[in-house]
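K.L.:
Encoded as structure tokens, here's the structure I'll be asking about.
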């Protein structure tokens, strides 16, 4: 997760200059869906883990900033908890991310659906603090899909391959630079798909596989919904390949049909 770690450390540097100890952590995205927590900071290992990729990318970036605030408080005080001292460190990080266009108020509201952070920030800093910042998010990252044949070109142009999402990405300083790169790549007339997005999307939106074993009598319903019998190398199950943000929508559909499904790991080729 070099891109995410790099961006988080940029935010830290702008928020807390000359605090090198705050930069001493690693971060890992763990493709698990948990009810109890969205992430955690493991203090003795200086390690952050992010879960629940079914949430919106902006909400997960706020979780990452939340865990960074735990790291900063632990480095300052030797311990960390959800007290006012924690939010005093979390708030400036959120403001920096808002100011840079990494987040907007919509992300805070999305996060508040299953997190108390926004409520706490409003309690300490006022209900309108997020409105002081830009409402638009910077689309500064070029994503290239279906580009295995063009990998040499993309490597020369400093793109990185995200194996879990099967895509090439490169983050730029601003949207204008990203759009210019898109134009350059289009000039090569290669057969691939190009998108310019917020850097959060390729980081947090990953590929999930949903399996429904049996259910032969519901085959037409499942086929219509995009499930494939014995799809993607699995046996004796209906499989659907989805974006992680579609996870709850697909499970809700299966519940409506009174069918049981579950997420399964991608099979290694």
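K.L.:
Which members of the stretch 77-94 meet the condition of being buried (at least 18 other Cβ atoms within 10 Å of the Cβ), part of a loop (DSSP other than H, G, I, E, B) and out of contact with any strand residue (DSSP E or B) (no Cβ under 8 Å at 6 or more places or on another chain)?
P.N.:
Residues satisfying the conditions do not exist here.
K.L.:
Something else: Every residue in the stretch 227-247 that is surrounded by 12 or more Cβ atoms within 10 Å (Cβ to Cβ) and farther than 20 Å from residue 167 by Cβ, please.
P.N.:
227, 228, 229, 231, 234, 237, 238, 239
K.L.:
So for the stretch 225-232 (the condition being farther than 28 Å from residue 57 by Cα and part of a strand (DSSP E or B)), does at least one residue qualify? Give the steps one after another, and end with the answer.
P.N.:
The first filter runs over the stretch 225-232 and keeps only residues farther than 28 Å from residue 57 by Cα, leaving 229-230.
When the remaining residues are screened for being part of a strand (DSSP E or B), the result is 229.
Within the stretch 225-232, one or more residues are farther than 28 Å from residue 57 by Cα and part of a strand (DSSP E or B).
K.L.:
Considering only residues that are in a strand (DSSP E or B), in contact with a helix residue (DSSP H, G or I) (Cβ under 8 Å, 6 or more places away or on another chain) and over 22 Å from residue 241 (Cβ atoms), which ones fall in the stretch 18-48?
P.N.:
Listed by number, the residues that qualify are 26, 27, 39, 40, 41, 48.
K.L.:
Within the stretch 248-266, count every residue that is assigned to a loop (DSSP other than H, G, I, E, B) and at negative phi. Spell out the reasoning first.
P.N.:
Taking the stretch 248-266 first, the residues assigned to a loop (DSSP other than H, G, I, E, B) are 257-261, 265-266.
With the extra rule that they be at negative phi, the set shrinks to 257, 259-261, 265-266.
Final tally of qualifying residues: 6.
K.L.:
I've got another one for you. Return yes or no: is residue 109 under 14 Å from residue 129 (Cα atoms), within 18 Å of the chain's Cα centre (by Cα), free of Cβ contacts under 8 Å to residues at least 12 places away in the same chain and assigned to a helix (DSSP H, G or I)? First the steps, then the outcome.
P.N.:
On the way: under 14 Å from residue 129 (Cα atoms): yes; within 18 Å of the chain's Cα centre (by Cα): yes; free of Cβ contacts under 8 Å to residues at least 12 places away in the same chain: yes; assigned to a helix (DSSP H, G or I): yes.
Judged against the criteria, residue 109 is a match.
K.L.:
With respect to the numbered conditions (1) at pLDDT below 90; (2) loosely packed, with under 14 Cβ neighbours inside 10 Å; (3) more than 25 Å from the chain's Cα centre (by Cα), which one is the sole condition not fulfilled by residue 183?
P.N.:
Status for residue 183: all satisfied but (1).
K.L.:
Continuing with the same structure: Looking at 64, 74, 97, which one is part of a helix (DSSP H, G or I) and more than 18 Å from the chain's Cα centre (by Cα)?
P.N.:
Answer to the check: 74.
K.L.:
Within the stretch 229-257, restricting attention to residues that are free of Cβ contacts under 8 Å to residues at least 24 places away in the same chain and out of contact with any helix residue (DSSP H, G or I) (no Cβ under 9 Å at 6 or more places or on another chain), which residue is farthest from residue 200 (Cα to Cα)?
P.N.:
Filtering first and then ranking leaves 236.
K.L.:
Of the residues 197, 212, only one is over 26 Å from residue 98 (Cα atoms), in contact (Cβ under 8 Å) with a residue 24 or more places away in the chain and surrounded by 12 or more Cβ atoms within 10 Å (Cβ to Cβ); which?
P.N.:
Criteria check complete, one pass: 212.
K.L.:
Only one of (1) closer than 30 Å to residue 96 by Cβ; (2) assigned to a helix (DSSP H, G or I) fails for residue 149. Which number is that?
P.N.:
Exception for residue 149: condition (1).
K.L.:
Here's something else I'd like to know. Could you check, for the stretch 161-172, whether at least one of its residues is in contact with a helix residue (DSSP H, G or I) (Cβ under 6 Å, 6 or more places away or on another chain), part of a helix (DSSP H, G or I) and either in contact (Cβ under 8 Å) with a residue 24 or more places away in the chain or surrounded by 21 or more Cβ atoms within 10 Å (Cβ to Cβ) (or both)?
P.N.:
No: zero hits.
K.L.:
Within the stretch 115-144, take every residue that is in a loop (DSSP other than H, G, I, E, B) and at pLDDT 90 or above and give me the one that is surrounded by the fewest Cβ atoms within 10 Å (Cβ to Cβ). Explain how you work it out, then say what you get.
P.N.:
Of the stretch 115-144, the ones in a loop (DSSP other than H, G, I, E, B) are 115-116, 126-128, 133-140.
Checking the rest, the ones that are also at pLDDT 90 or above come to 115-116.
Working: 115: 18, 116: 11.
In this case the residue turns out to be 116.
The values are calculated or read from the model by the stated rules, or taken from the named source; none is laboratory data. Since the structure is predicted, the reported quantities are computational estimates derived from the model, not experimental observations. Every residue, glycine as well, gets a Cβ built from its backbone with ideal geometry; the counts of neighbours run over all protein chains shown.
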